[in-house]
Amino acid sequence: MELAELMSTVPLGMAIIDRELRFVEVSDAMAAMHGVSREAHLGQPMVEVLRAEPSAADVVRRVRRVLETGVALEGVEIIHRESGAHGERTRVYRASYHPVRRDGAIVAACIYVEDMTERRRVEAQRDAGAARERSVREQALRETQEAVRARDEFLSVAAHELRTPLTSLRLHLQLLLRQVGGSNQEPPAELAPRARVLDRQLSRLVGLVNTLLDVSRLAAGRLSLEPRELDLAQMVRQMAEAFSEEFTRAGSTLSLHVDGPLLGEWDSLRLEQVLVNLLSNAVKYGGGQPVEVSLASEGPTAVLAVKDQGIGISEDGMARLFGKFERAVSERHYGGLGLGLYITRQIVEAMGGSITVRSAQGKGSTFILRLPTRPPVPSKAAVGAR
């Protein structure tokens with residue numbers, strides 16, 4: 001196939017330039033790019049044909065460099081701006097320059113040019129779309145963060161405002177019962193059941209308010225720990241005894257496997273809060289089945305396990321179990337704010353420990369708490385300051 005016939009079939013812009021910088025051959029695609037017929041290129045100096053092009057000097061310079069050095073230039077991007085009846089039009093080309101050798105000598109340069117205008121336009125549209133999408137996502141994130149901040153601020157204010165009247169109400173209830181009971185300090189038999197209900201409901205409200213306060217403190221990084229020496233085994237026994245009535249009402253039995261004292265340095269109030277959450281969940285979701293609590297020492301780590309044989313947790317519920325305001329069960333059948341395990345995990349991790357769960361739907365759950373007996377934290381460690 002002759003060179004002229006070959007060039008007519010090449011779909012890309014292609015030209016052969018001799019050492020005198022004259023066109024030896026061009027493809028039809030190259031001729032169309034220049035707006036000059038193929039025949040008008042042949043034998044003409046490059047500068048004459050490309051005179052109207054802003055990039056002509058750069059093209060000539062690159063061809064001369066290839067002819068002089070014999071080193072190819074690849075992937076050079078050329079921005080070509082043309083003025084016409086409809087204003088300025090920009091086209092983008094990618095060019096490669098290669099030496100042509102004959103008998104060991106460089107006799108010409110071959111130029112390959114690909115019109116990248118449409119591709120760059122599509123890429124620009126794609127990039128602009130991605131930028132818009134990114135901007136929308138960032139705006140949505142900012143709005144979500146602001147909504148969360150406003151919610152946490154509301155929870156903090158609401159909890160503080162609710163705490164004062166609840167404390168006053170509880171004190172007045174206790175005073176009223178003492179006055180009605182007289183010197184016996186016991187309310188009359190007909191009032192006793194109602195008094196216990198009122199006291200229990202007030203305790204529940206106080207607990208809910210304290211939970212909301214904990215969440216607001218966690219969000220602000222203001223919940224602190226005050227570790228001191230204590231016997232975790234003794235605390236577990238005391239908490240089991242305190243929950244005995246609740247387990248009896250639920251039809252569950254609670255068995256303890258606790259050996260001897262287990263000393264460590266922890267915040268007693270926060271650790272008690274963790275135990276309350278775990279035992280409350282065992283009562284609530286244990287389905288009236290036996291519950292086991294075990295405590296053992298593994299070197300410098302205390303390991304506490306609370307195992308029930310209740311409803312268990314689904315795979316989807318496991319993924320959300322420790323999230324804020326998340327629930328692994330139906331809110332319709334089980335009350336609560338969905339904050340207990342979230343707060344529990346934050347407290348445990350602030351103590352340098354971890355909490356995990358093994359569960360399957362319908363087969364019960366086992367919560368395993370691991371706490372270092374001497375956690376590597378300051379005497380007052382901020383919880384949630386992350």
Problem set entry | 5 angstrom amide H check on Leu262, placed H, neighbours 5+ away | Leu232, Ala233, Gln234
Seminar exercise, completed: Karplus ³J(HN,Hα) for segment 340-353 (6.51 cos²θ - 1.76 cosθ + 1.60, θ = phi - 60°; Hz, whole; x = Gly/Pro) runs x, 6, 4, 5, 4, 5, 4, 5, 4, 5, 5, 7, x, x
For this session: Could you pull out every residue, at least 5 positions away or on a different chain, whose amide H is within less than 5 Å of the one on Ser252? Hs are placed 1.01 Å off N in the peptide plane, and Pro or chain starts have none.
Result: none
Seminar exercise, completed: Between Ser314 and residues 5 or more places away or on another chain, the pairs with built amide H atoms under 5 Å apart involve none
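All of the numbers you see were taken from the coordinates with simple rules; none came from a lab. Just so it is clear, the structure is predicted and the values come from calculations on it, not from any experiment.
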